[in-house]
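To start, the structure under review is shown below, and the notes come after it.
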Amino acid sequence: MANFFPKWSNWIALKLVICLSVVGMGLVGGIWYYFTPKYTRVGYMPTQPAPFSHALHVEQLGMDCRYCHSFVEVASHSNVPSTQTCMACHTQIRATSPKLETVRQSWKTGEPVNWVRIHKAPDYTYFNHAVHVNRGVSCYSCHGAVNEMQVVWQDQPQSMSWCLDCHRAPENFLRPPAEIYNMKWKPAAGESQREMGMKFKEEWEVNPPVTCGGCHR
Amino acid sequence: MKRIVNHPARDAQPSIWRSLRELENDPEFAKHLAAEFPRGADVYQDSGLSKRDFLKLMGASMALAGVGLTGCRRPESHLVPFTKGVEWTVPGKFLYYATSMPVRQGALPLIATTSDGRPTKLEGNPLHPVSSGGTDAFAQAAILDLYDPHRSRNMTENGKGSDLASFDAFLQSVSQSGGKGVGFLVEKANSPTRDRLRAELEKNFPGLVWAEYEPLGDSEAAAAADAAFGVGTKLIPKFERADVVLALDSDFLNPAESGIGYASGFSARRNPDQMGAPMNRLYVVENHFTVTGGMADHRLRCKTSEIGALARALGTLIAAKTGDGGLAAVVGAYPDQPAHFDEAWVKECAADLLANPGRTLVLTGPQTPAAVQVLAHAINSALGNLGATLIALQSAAPATATISDLAKAITAGTIQTLFILGGNPAYNAPAELGFAALLAKVPAVVRLGLFEDETSKLSRWHIPAAHFLESWGDARSFEGTLTAIQPMILPLWGGLSELDILSKLLGGGPVDGPELVRATFEKLAPQDLLAEVGTMDLLWNSFLRVGFLPETQFPPAAAQLAVATAAALAAKAPAIKDGLELVFLQSSSVDDGRYANNSWLLETPDFVTKVTWDNAVLVSPATAAALGIKANNFGKFEEIAEKIGNDVNYDLVADIVEISDGKTSIQAAAIVAPGHADDSLSLALGYGRKSVSALMENVGFDAYPLRSATIPRFTSGVTLKVTDKNYPLAQTQEHRSMEGRDLVREGTLDRYKEDPAFAQTMGMDGHIPPNISLYTHPALTSKEQWGMTVDLNTCTGCNACVVACQAENNVPVVGKDQVRKNRDMAWIRIDRYFAGEKEDPEMLAQAIMCQHCENAPCETVCPVNATVHSEDGLNLMAYNRCIGTRYCANNCPWKVRRFNYFDYNQRPIDQLYWGPLAKKGMADSLKMAKNPNVTVRMRGVMEKCTFCIQRIEEAKISRLVEAGPTPSSETPISTFKVACQQACPNDSIVFGDIADPESRVARLQKSERGYTMFKYVNASPRVTYLTRIKNPNPNMPGADRVGMANGAPHGSSHGGDKSHGSDKSHGTHEPAAPHAPAAPHQPTEAH
């Protein structure tokens, strides 16, 4: 009886198993890496040149976000404070603290402090802070409870699908205008975020863009 | 029953055509048209890397990346705030400052956009009295000049590096020596501060020689005005008052020749719908097609050297009719020269001028011989135009020596130290002076220049110049208004300005601020204005804020023709030699050579020839045939391809010709130019620079060696010899041809009055059935719906919008080789059409950008949804989705989509073909020139006009920010302009919200002159074109051919079927079509 299977078929099963397992491992690895918050850098918490604590400044001292991030209401970019802003207080307060050495050096030499960037939109994405904070979106919605952070980390994935979650249903996030910079604000007991959001959405005609051109130019 | 609508077939003899090959129906050309994307982008050259090698390498690098996964990690980046806050600066927001660009006509008022301290865009200053807010291509490209990485950065003495301290010491030694033998050679600047410092310097340095030289200056015009009306008289035409305009060798509609704002009144009177004032009529006499010639109602081809004789004949006719003694005297003094022109044309033109006394204008060009210009002045005077359409002002510019005077002084040995501030005389001085050789006779030559060029090499000192965006200064606009030049940035490479050097010579210390300009300002400030404003500080601040000082125009002068001096000048008309003449043109790309390193301008096609990266000798078809110049060397492609080492697309291969005046000869490529005068050659100046920078190498041909100081406009009596050499030219005129389907439309004023909507039923548009679409519309739900109109009646094709778009949208430059492969990237292009006979056609210009079709054909074919529609009617392009199939471009009827075949932003244009491992990156200074609000595209993605979506979004966002927690629809959207619209000097492009019936664009789109292209493909474009209306003089020879680009009125070609177009039988399914079945462009109806 002739051989039904040629000789090379002896190894085909093994080859298939090896091949499939490699592909399978690749898939698992890919999903492990790309589908987890690590890829979107949620939790990214680099060491900053000066150990600035938002918890101390906001929570304990009660400073408003806009004291330092002064242009957030008018510009697309929410600025990091200039050395001058830091020194406005720190020439008086803790003027000799070793933690502030970098800032004092910067003030003396005129060289800027190189803060490490945490939140980064891709170059082809044009995010605008001003339009969000003026139309009922709080800092908290994208940056998390910065007021409690000793060292700032990335709290939200800030991926495109995450952006669209809100652009498609802004009512889940809209707040009363007075509470935008209140990092501890919660809807009052018995008040539904969704209902209140719907009310704002209709009243202010909030209609966030979901076409490409809204963010990509 | 099925309805098949075919594209209209191409006519055997097209009435509208873009190139001679199209007119002649070359079969090779038809093949070329069919290919949207010509040959291979997939070959790497010069790297020895095949596609297979590349894939291997990619595989290896992917594997390596996989091992560490390091390639997937974002690198750490930094946020770098200011140490100290800067006044007015908000990171991420633009700041706008008023400044101006010094140009030879005066000042070009500008608003500079700065982004984090970097100027990134220049716009016209609409507040300025001369400006309508427009700019020209040169002003738009000034940003690239500022950031040009080839700019000179180091001071050198005798070719070796030096520093400011030793230069200061040198200047001190000059000023302490009492200034014996000091000469200056400067460019025309119209700067009161420079004039003031010069006067002070002349006091300190007796015997100082101050010479001004501009290769394209108006010294001839000034000489004529001085002789006709007295020294310092400046004539300002008032186009808004002129019914008939005659341009003799004048390209006044080109802002690069006449200056921004000079002809703004013309387009206002070009509107056929204007109440109260009839549409003006334009006669043009010229040797080559200019943008002004393209706008003409009647254009006469005439050798430039014979325009004087033509003006004399015209003057004779007018003098006889008006009995004006002054004109008769001037005409009588002008020598009778033999000439050949259409006398009937001149007669009818004279009759039309005489029929409109005091409402006409006769204009000449800045370099037209002074004797001819004096004739024009006398004609204007006889026609009663002085004080009516022509206003005389008394300018106060001090007298200067010419470059010829300076050359004499150098030859005599009286110049010991020569300061050459700007300019480039070693390259562009009149040939007979031998200026380069003369420089060797001067012991110390100090050269201030933006580039280390021909003159720097012959100078002892080369000092890097500060760009006008880096220095303080002032200038007077052409009618005298004092205009500020403010620095937008500190000198990038430590350059000095002219004023710095003059001030140092006067013993002043280093001047960083506006002190010098302010001192002049305080002298010039009008007292009543000062009293009104209060203090000098307030007045100064308002000067800087608005960019000019009101009430500083030149005072009016009494314009009375001085017959004796005028006749004396007319008698000195240059002698004309027989035979060929060579006319020297201002280049639309490099001006007189000063922008030779500006790649934006080099790649912008010439207005008329559409040649990029080169200039070429223009010859009329008849003269070319007589001299044996071929329109194209079809048979030689393979040969040339071997020579230039690249696969050559079907593009122009021109003959090289040798032009000689008997003593000197030059070689240049020659192309056949429709509408050119016979026995005449034209060549643009400014090309053929040698060994200056890599970009300038082998670009074009130098015409200066044949140019003399006595007649700068032309050289008569030259000879031409065709050599056996060839030269490939990159000409965009055949790129993206839409195959002549009544894309550009025109008619006469009479036809328009009879049937204002005649253009809407032209060609195929009279036959189309009601629109139906199988595709569902995207929901156009936004309150605003964006649209645009382009008025063909005022669009001259001047290129300002093309360069403005490039600057605004970070459009890359691709280089000559790539342009030859149809890969130029311009988002807005000017299609130039000829209509009629090739010897004497009409010319029309049409700006084409993405039409943002509502039923966009590109969107339906994209496999990855990279191009989609927005709810406000924009056709969007998401670069990060694009995978580069190019289906969209193939399906675009307008051919406006551009593909990044290479990393044009990351690779210099001579390294595009290097392999994937070759060095990438952009010069740091060029990064600073980019608009931060527009993505810089990478290799492999499609791009196209976005209607300046960054400006639209900016306006929408500011409205929402302003609205805050209130209904957003109650806050109006702030007004804004898109980049091409803002740059347009004639207001031809209007953009806005078509959903608002009150908006200007909505009203224009409803105009009866409006039509959309390719209406029958039912794409519903958002761009409407307004038909060009011509205003011919019925008595003129050839008047029946004017405004007939699209053929005779539609009805007559169909046997007088007057109801055509509105005929109900169209669009129904009745097979009984009333017109002849042979009509090539009718819908076929089949069962």
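The values are calculated or read from the model by the stated rules, or taken from the named source; none is laboratory data. Small disclaimer: the values here were computed from a predicted structure and weren't measured. Positions of Cβ are backbone-derived with ideal geometry, glycine not excepted, and every protein chain shown enters the neighbour counts.
Pairing each residue of the stretch B:951-973 that is in contact (Cβ under 8 Å) with a residue 12 or more places away in the chain with any residue that is part of a loop (DSSP other than H, G, I, E, B) and small (Gly, Ala, Ser), provided the two are 6+ apart or on different chains, yields C-beta distances under 6 Å for B:Ala955/B:Ser974; B:Ser958/B:Ser974. Filtering the stretch B:932-950 to residues that are facing chain A (nearest Cβ under 10 Å), within 26 Å of the chain's Cα centre (by Cα) and within 30 Å of B:Pro863 (Cβ to Cβ) leaves B:Asn933, B:Val934, B:Thr935, B:Val936, B:Arg937, B:Thr946, B:Phe947, B:Cys948, B:Ile949, B:Gln950. Pick from the stretch B:794-820 the residues that are crowded, with 24+ Cβ neighbours inside 10 Å and charged (D, E, K, R): which of them is nearest to B:Gln140 (Cα to Cα)? This residue is B:Glu808. Only one of the numbered conditions (1) surrounded by fewer than 15 Cβ atoms within 10 Å (Cβ to Cβ); (2) in a loop (DSSP other than H, G, I, E, B); (3) not hydroxyl-bearing (Ser, Thr, Tyr) is not met by A:Trp162, and that is (2).
Scan the stretch B:977-997 and tell me whether some residue there is assigned to a helix (DSSP H, G or I), among the small types (Gly, Ala, Ser) and in contact with a Ser or Thr (Cβ under 7 Å, 6 or more places away or on another chain).
If we filter the stretch B:977-997 for residues that are assigned to a helix (DSSP H, G or I), which is where we start, we get B:979-983.
So of that shortlist, the ones also among the small types (Gly, Ala, Ser) come out as B:979, B:983.
Next, from what is left, pick out any that are in contact with a Ser or Thr (Cβ under 7 Å, 6 or more places away or on another chain): B:983.
So far as the stretch B:977-997 goes, yes, one or more of its residues are assigned to a helix (DSSP H, G or I), among the small types (Gly, Ala, Ser) and in contact with a Ser or Thr (Cβ under 7 Å, 6 or more places away or on another chain).
Filtered by the rule that a residue be surrounded by fewer than 20 Cβ atoms within 10 Å (Cβ to Cβ) and either acidic (Asp, Glu) or farther than 18 Å from B:Ala436 by Cβ (or both), the stretch B:700-710 gives a lone residue, B:Thr710. In summary, A:His167 fulfils each of the numbered conditions (1) within 29 Å of B:Arg959 (Cα to Cα); (2) in contact with a Phe, Trp or Tyr (Cβ under 9 Å, 6 or more places away or on another chain) with the single exception of condition (2). For the stretch B:440-476, a tally of residues being part of a loop (DSSP other than H, G, I, E, B), over 19 Å from B:Pro514 (Cβ atoms) and small (Gly, Ala, Ser) returns 2. From the list B:Gly1047, B:Gly1043, the lone residue that is touching a Pro at 6+ places or on another chain (Cβ under 7 Å), assigned to a loop (DSSP other than H, G, I, E, B) and on the phi > 0 side of the Ramachandran plot is B:Gly1043.
Checking the conditions here, which among B:Val583, B:Val563 is within 30 Å of B:Pro705 (Cα to Cα) and surrounded by 14 or more Cβ atoms within 10 Å (Cβ to Cβ)?
The conditions single out B:Val583.
Going through (1) more than 10 Å from chain B (Cβ to nearest Cβ); (2) touching a residue at least 12 places away in the same chain (Cβ under 8 Å); (3) in a loop (DSSP other than H, G, I, E, B) one by one, A:Ala95 falls short only on (2). Listed residues B:Leu421, B:Leu482, B:Leu406, B:Leu393; which is surrounded by fewer than 20 Cβ atoms within 10 Å (Cβ to Cβ), in contact (Cβ under 8 Å) with a residue 60 or more places away in the chain and under 30 Å from B:Thr233 (Cβ atoms)? Of the residues listed, the single one that is surrounded by fewer than 20 Cβ atoms within 10 Å (Cβ to Cβ), in contact (Cβ under 8 Å) with a residue 60 or more places away in the chain and under 30 Å from B:Thr233 (Cβ atoms) is B:Leu393.
Assessment of the stretch B:362-374 against the conditions (in a loop (DSSP other than H, G, I, E, B) and either surrounded by fewer than 24 Cβ atoms within 10 Å (Cβ to Cβ) or more than 31 Å from the chain's Cα centre (by Cα) (or both)) yields no matching residue.
The single condition among (1) within 9 Å of another protein chain (Cβ to nearest Cβ); (2) in a loop (DSSP other than H, G, I, E, B); (3) buried (at least 19 other Cβ atoms within 10 Å of the Cβ) that B:Lys956 does not meet is (2). Across the stretch B:860-898, the number of residues qualifying as of a type in the set (Ser, Thr, Tyr) and without any contact (Cβ under 8 Å) to a residue 60 or more places away in the chain comes to 2.
Let's see how each residue does on (1) in a helix (DSSP H, G or I); (2) touching a residue at least 60 places away in the same chain (Cβ under 8 Å):
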site	(1), (2)
B:Tyr262	no, yes
B:Pro278	no, no
B:Val284	no, no
B:Thr292	yes, yes
B:Gly308	yes, yes
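For first residues located in the stretch A:191-217 and within 7 Å of another protein chain (Cβ to nearest Cβ), partners that are surrounded by fewer than 17 Cβ atoms within 10 Å (Cβ to Cβ) and outside any loop (DSSP other than H, G, I, E, B) and lie 6+ apart or on another chain with Cβ distances below 9 Å form the pairs A:Glu205/B:Ser969; A:Glu205/B:Glu970.
Can you tell me how many residues within the stretch B:383-404 are part of a loop (DSSP other than H, G, I, E, B) and within 24 Å of B:Ala263 (Cβ to Cβ)? Quick ask: steps written out before the conclusion?
Step one: list which residues in the stretch B:383-404 are part of a loop (DSSP other than H, G, I, E, B), which gives B:383-385, B:387-389, B:395-400, B:402.
Now restrict to residues that are within 24 Å of B:Ala263 (Cβ to Cβ): B:383-385, B:387-389, B:395, B:397.
The total comes to 8.
Residue-wise test of (1) modelled with pLDDT under 90; (2) touching a helix residue (DSSP H, G or I) at 6+ places or on another chain (Cβ under 6 Å).
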| site | (1), (2) |
| --- | --- |
| B:Val990 | no, yes |
| B:Pro997 | no, no |
| B:Val1001 | no, no |
| B:Leu1004 | no, no |
| B:Tyr1011 | no, yes |
| B:Phe1014 | yes, no |
| B:Val1017 | yes, no |
| B:Arg1022 | no, no |
| B:Thr1027 | no, yes |
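Residues being polar (S, T, N, Q) and either modelled with pLDDT of 90 or more or in a strand (DSSP E or B) (or both) are entirely absent from the stretch B:818-830.
Among the aliphatic types (A, V, I, L, M), surrounded by fewer than 20 Cβ atoms within 10 Å (Cβ to Cβ) and within 14 Å of chain A (Cβ to nearest Cβ), is that true of B:Leu164? It would help to see each step written out before you state the result.
Working: among the aliphatic types (A, V, I, L, M): yes; surrounded by fewer than 20 Cβ atoms within 10 Å (Cβ to Cβ): yes; within 14 Å of chain A (Cβ to nearest Cβ): no.
Considered against the rule, which asks whether it is among the aliphatic types (A, V, I, L, M), surrounded by fewer than 20 Cβ atoms within 10 Å (Cβ to Cβ) and within 14 Å of chain A (Cβ to nearest Cβ), B:Leu164 comes out as no.
If you check A:Val17, A:Val23 for being hydrophobic (A, V, I, L, M, F, W, C), away from chain B (no Cβ under 14 Å) and part of a helix (DSSP H, G or I), only one passes: A:Val17.
Restricting to the stretch A:102-122, and then to whatever is touching a residue at least 40 places away in the same chain (Cβ under 8 Å) and part of a helix (DSSP H, G or I), can you tell me which residue is nearest to the other protein chains (Cβ to nearest Cβ)?
In the first step, residues of the stretch A:102-122 are kept if they are touching a residue at least 40 places away in the same chain (Cβ under 8 Å); the result is A:102-103, A:113-116, A:118.
Those still in the list that are part of a helix (DSSP H, G or I) too: A:102-103.
Working: A:Thr102: 12, A:Val103: 10 Å.
Filtering first and then ranking leaves A:Val103.
In the stretch A:69-85, the residues that are facing another protein chain (nearest Cβ under 8 Å) and at negative phi reach residues that are among the hydroxyl-bearing types (Ser, Thr, Tyr) and outside any loop (DSSP other than H, G, I, E, B) with C-beta atoms within less than 6 angstrom, at least six apart or across chains, in these pairs: A:Thr83/A:Ser106. Filter the stretch A:123-159 down to the residues that are in a loop (DSSP other than H, G, I, E, B), in contact with a Ser or Thr (Cβ under 6 Å, 6 or more places away or on another chain) and within 11 Å of chain B (Cβ to nearest Cβ) and list them by number. Within the stretch A:123-159, A:Tyr124, A:Asn128 qualify. The set of residues from the stretch A:1-60 being among the charged types (D, E, K, R) and without any contact (Cβ under 8 Å) to a residue 24 or more places away in the chain comprises A:Lys7, A:Lys15, A:Lys38.
So is B:Asp840 under 25 Å from the mean Cα position of the chain (by Cα), among the acidic types (Asp, Glu) and either within 14 Å of another protein chain (Cβ to nearest Cβ) or surrounded by fewer than 22 Cβ atoms within 10 Å (Cβ to Cβ) (or both) or not? Judged against the criteria, B:Asp840 is a match.
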